[in-house]
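Comments concern the structure below.
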Amino acid sequence: MLYVEMRVKAAATDYHSRFAPVIPNAVWRLVWAISTLKGANEKILIEGFYDKVRSIPEEEYGALKDLAAQEDKIRKRAQIKELLNGVTGIDFANQLFNAPTCTICGIESGYTKEGQKIVLPSTAMAKIDFRLTVDQDPEEILQLLRKHLDKHGFQDVEIHTLSTAKPAKTPITSPFVKVVLEAGALVYDKPFVIEPSSAGTGPRYVFSSWTDMPIASIGPGYAGSLNHAPDENIVLEDYRQALKGSKPNSC
């Protein structure tokens with residue numbers, strides 16, 4: 001993952017919006033810069049961004065077919081008519097578990113409190129994360145981002161790196177995966193559903209890069225856990241079961 005802040009300083013201070021015809025607006029400048037990063041079709045437009053994205057391994061297709069069943073649940077839970085670009089079936093699963101991303105996590109500028117204030121913002125900031133796939137290097141993506149902004153005339157847009165984490169992945173054909181599946185069957189009385197990649201970012205690369213250590217995670221959350229949202233929660237019994245499922249894997 002690469003997590004950055006993009007910042008714009010357009011003037012020395014905020015002004016009354018009557019000066020909008022002659023003094024630059026930091027928010028517009030930032031919005032124009034961000035709009036060059038991704039198209040309406042969800043394609044990331046940074047040159048070279050997809051160069052190291054691998055094709056789907058043949059052995060993952062079975063897992064993706066099983067995961068396609070989540071489509072309707074996710075759509076209904078989000079209360080949307082269709083998923084982005086209308087993806088369905090195995091295409092939905094592939095997008096969710098294998099596609100790199102460029103996400104605006106938040107934008108801050110100007111006056112946003114209750115009521116009105118006629119202001120011309122002098123500064124603007126956006127937080128953006130890039131979730132990467134195996135072989136994509138966050139430092140390389142950072143360089144590509146800088147090059148992209150410069151090429152499009154946004155040399156004034158500052159990039160501040162908040163965090164980086166290299167991707168890591170254990171093939172689902174690894175013998176260790178079989179051990180995890182057997183442990184799951186013992187604890188839950190039914191097989192685990194295999195997700196070929198994790199939604200969460202962690203230090204897995206640190207261990208897998210120099211030890212070639214296989215790594216698998218057991219998810220104790222449930223559909224209503226609301227990860228990274230208000231009222232994020234977990235059921236205690238689910239947590240206890242996940243601990244039981246992890247014990248056989250430590251030997």
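Considering each of A33, A68 in turn, give the residue that is touching a Gly at 6+ places or on another chain (Cβ under 8 Å), outside any loop (DSSP other than H, G, I, E, B) and touching a residue at least 24 places away in the same chain (Cβ under 8 Å). Break it down into steps so the answer makes sense when it comes.
Working: A33 fails: touching a Gly at 6+ places or on another chain (Cβ under 8 Å).
None of the others qualify; the one that does is A68.
Consider region 116-140 and keep the residues that are out of contact with any strand residue (DSSP E or B) (no Cβ under 8 Å at 6 or more places or on another chain) and over 25 Å from I23 (Cα atoms). The one that is surrounded by the most Cβ atoms within 10 Å (Cβ to Cβ) is Q136.
To keep it simple, each residue is scored yes or no on (1) loosely packed, with under 12 Cβ neighbours inside 10 Å; (2) in contact with a His (Cβ under 7 Å, 6 or more places away or on another chain); (3) assigned by TED's automatic domain parsing to the domain that holds Y15.
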| site | (1), (2), (3) |
| --- | --- |
| A68 | no, no, no |
| I90 | no, no, no |
| E114 | yes, no, yes |
| I159 | no, no, yes |
| V180 | no, no, no |
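Within region 1-30, the set of residues being part of a loop (DSSP other than H, G, I, E, B) and of a type in the set (A, V, I, L, M, F, W, C) comprises M1, A10, A11, A12, A20, V22, I23. Among the numbered conditions (1) free of Cβ contacts under 8 Å to residues at least 40 places away in the same chain; (2) surrounded by 12 or more Cβ atoms within 10 Å (Cβ to Cβ), the only one that E232 does not meet is (2).
Can you pull out every residue in region 83-104 that is part of a strand (DSSP E or B) and either in contact with a Gly (Cβ under 8 Å, 6 or more places away or on another chain) or touching a residue at least 40 places away in the same chain (Cβ under 8 Å) (or both)? Working first, answer last.
First, the residues of region 83-104 that are part of a strand (DSSP E or B): 103-104.
Correct list: I104 only.
Flag not set for T112, criterion: among the hydroxyl-bearing types (S, T, Y) and over 25 Å from Y15 (Cβ atoms). Check region 141-150 and report whether any residue there is in contact (Cβ under 8 Å) with a residue 60 or more places away in the chain, surrounded by 14 or more Cβ atoms within 10 Å (Cβ to Cβ), in the same structural domain as V8 (by TED's automatic domain parsing) and charged (D, E, K, R). No: region 141-150 contains no residue that is in contact (Cβ under 8 Å) with a residue 60 or more places away in the chain, surrounded by 14 or more Cβ atoms within 10 Å (Cβ to Cβ), in the same structural domain as V8 (by TED's automatic domain parsing) and charged (D, E, K, R). Only a single criterion out of (1) in contact with a strand residue (DSSP E or B) (Cβ under 8 Å, 6 or more places away or on another chain); (2) of a type in the set (A, V, I, L, M, F, W, C); (3) within 22 Å of K65 (Cα to Cα) is not satisfied by L145, namely (3). Which pairs have Cβ atoms under 6 Å, sit 6 or more apart or on different chains, and link a residue in region 1-21 that is closer than 21 Å to Q155 by Cα to one that is basic (K, R) and at pLDDT 95 or above? These pairs meet every condition: E5/K127; V8/R29; A10/R29. I need a count of the residues in region 161-178 that are surrounded by fewer than 13 Cβ atoms within 10 Å (Cβ to Cβ) and among the charged types (D, E, K, R). Here the count works out to 1.
Can you name the residue in region 36-65 that is in a helix (DSSP H, G or I) and of a type in the set (A, V, I, L, M) and is also farthest from P191 (Cα to Cα) among such residues?
Restricting attention to region 36-65, the residues satisfying the condition of being in a helix (DSSP H, G or I) are 58-65.
Checking which are of a type in the set (A, V, I, L, M) leaves us with 63-64.
Numbers: A63: 12, L64: 15 Å.
The qualifying residue farthest from P191 (Cα to Cα) is L64.
The values are calculated or read from the model by the stated rules, or taken from the named source; none is laboratory data. Given the structure is predicted, the values throughout are model-derived calculations rather than measurements. So basically every Cβ, Gly included, is an ideal-geometry build from the backbone, and we count neighbours across all protein chains shown.
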